[in-house]
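A.B. asks: Encoded as structure tokens, here's the structure I'll be asking about.
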């Protein structure tokens, strides 16, 4: 089945700087790549996603990049704020159009004032 | 967030007891997924239903869990005999595969603690 690697596991940045999280996947049939943000005690919330027909997508301060050839995708948070501190998960679908996702191990982002 | 409802929010069981969690998928969604998350770590896929039929599940679910989705309005995930390692957040999500709403949104989850 699909495997998703996510790095780094912990990321500390200064408020106002950028934060980047990188993921890689194995199954070339995967075509949907969502990102979830999870705050302590809460459920994971979908914050942005990208499909294989795109290379870049931006929603406000969130940018996702997809390199299908290299089987890599990444999340970039520009101008980080303390409210961005959370656990972030990347995921990839199985490519079978079932909606089933394989998740990365998560990145703890800490934004320091 | 989509309207996936999970009950109960918290569940405490003794080792060896049976546990049951409920999920009401978003209206109109035909696919239902259960994931397990231990200690805020990665989400582990458990089982997937499409039109009430289980189409994919991991071995642990086959061996120790019971999961049904008899209608598109109420699904359940049960653990026949709870073990300490089952302590986790159980997340349900639903989607409309291939349709305009194929994004996965999670319910608030059921936090199971096995003592």
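The values are calculated or read from the model by the stated rules, or taken from the named source; none is laboratory data. Note that the coordinates shown come from a computational prediction; the quantities given were computed from them, not determined experimentally. Note that each Cβ is placed from the backbone with ideal geometry, even for glycine, and that neighbours are counted across all protein chains shown.
A.B. asks: Based on this model, can you work out whether residue B:32 counts as more than 23 Å from residue B:59 (Cβ to Cβ) and in contact with a strand residue (DSSP E or B) (Cβ under 7 Å, 6 or more places away or on another chain)?
C.D. replies: No: the conditions fail for residue B:32.
A.B. asks: Quick one: how many residues across segment B:57-106 are modelled with pLDDT under 95 and within 13 Å of chain A (Cβ to nearest Cβ)?
C.D. replies: Total meeting the criteria: 17.
A.B. asks: Report the residue count in segment A:38-61 for those that are away from chain B (no Cβ under 13 Å), at negative phi and in a loop (DSSP other than H, G, I, E, B).
C.D. replies: Number satisfying all stated conditions: 5.
A.B. asks: Continuing with this model, one more query. Test of understanding: among A:93, A:27, A:84, which residue is within 24 Å of residue B:48 (Cα to Cα), surrounded by 14 or more Cβ atoms within 10 Å (Cβ to Cβ) and more than 11 Å from every other protein chain (Cβ to nearest Cβ)?
C.D. replies: A:27
A.B. asks: If you don't mind, there's one more thing I want to ask. Please count how many residues of segment B:45-55 are more than 27 Å from residue A:42 (Cβ to Cβ) and within 11 Å of chain A (Cβ to nearest Cβ).
C.D. replies: 2
A.B. asks: Moving to a separate point now. Is it the case, given these coordinates, that residue A:106 is touching a residue at least 40 places away in the same chain (Cβ under 8 Å) and more than 9 Å from chain B (Cβ to nearest Cβ)?
C.D. replies: For residue A:106, the condition - touching a residue at least 40 places away in the same chain (Cβ under 8 Å) and more than 9 Å from chain B (Cβ to nearest Cβ) - is not met.
A.B. asks: Would you mind stating whether residue B:62 is farther than 18 Å from residue A:43 by Cα and out of contact with any helix residue (DSSP H, G or I) (no Cβ under 6 Å at 6 or more places or on another chain)?
C.D. replies: On the way: farther than 18 Å from residue A:43 by Cα: yes; out of contact with any helix residue (DSSP H, G or I) (no Cβ under 6 Å at 6 or more places or on another chain): yes.
The answer is yes for residue B:62.
A.B. asks: Something else now. Could you tell me whether any residue of segment B:35-44 is more than 11 Å from every other protein chain (Cβ to nearest Cβ) and touching a residue at least 60 places away in the same chain (Cβ under 8 Å)?
C.D. replies: No - not one qualifying residue is present in segment B:35-44.
Yes/no matrix, rows are residues, columns are (1) farther than 11 Å from residue B:31 by Cα; (2) in contact (Cβ under 8 Å) with a residue 12 or more places away in the chain:
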| residue | (1), (2) |
| --- | --- |
| B:52 | no, yes |
| B:55 | no, no |
| B:69 | no, yes |
| B:81 | yes, yes |
| B:84 | yes, yes |
| B:89 | yes, yes |
| B:95 | no, yes |
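A.B. asks: Could I ask something else about it? Residues of segment A:93-113 being more than 10 Å from the chain's Cα centre (by Cα) and on the phi > 0 side of the Ramachandran plot, which ones?
C.D. replies: Those that are more than 10 Å from the chain's Cα centre (by Cα) and on the phi > 0 side of the Ramachandran plot: A:95, A:97, A:99.
A.B. asks: Name every residue in segment A:22-37 that is closer than 19 Å to residue A:106 by Cβ and in a loop (DSSP other than H, G, I, E, B), in order of residue number.
C.D. replies: The answer is A:26, A:30.
A.B. asks: Still on this structure, please answer the following. Any idea which of (1) touching a helix residue (DSSP H, G or I) at 6+ places or on another chain (Cβ under 9 Å); (2) part of a loop (DSSP other than H, G, I, E, B); (3) crowded, with 19+ Cβ neighbours inside 10 Å is the one residue B:29 doesn't satisfy?
C.D. replies: Result: residue B:29 passes all but (1).
Conditions (1) touching a residue at least 12 places away in the same chain (Cβ under 8 Å); (2) closer than 28 Å to residue B:3 by Cα; (3) within 10 Å of the chain's Cα centre (by Cα), marked per residue:
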residue: A:58; (1), (2), (3): no, yes, no
residue: A:63; (1), (2), (3): yes, yes, yes
residue: A:73; (1), (2), (3): yes, no, yes
residue: A:86; (1), (2), (3): yes, yes, no
residue: A:91; (1), (2), (3): yes, yes, yes
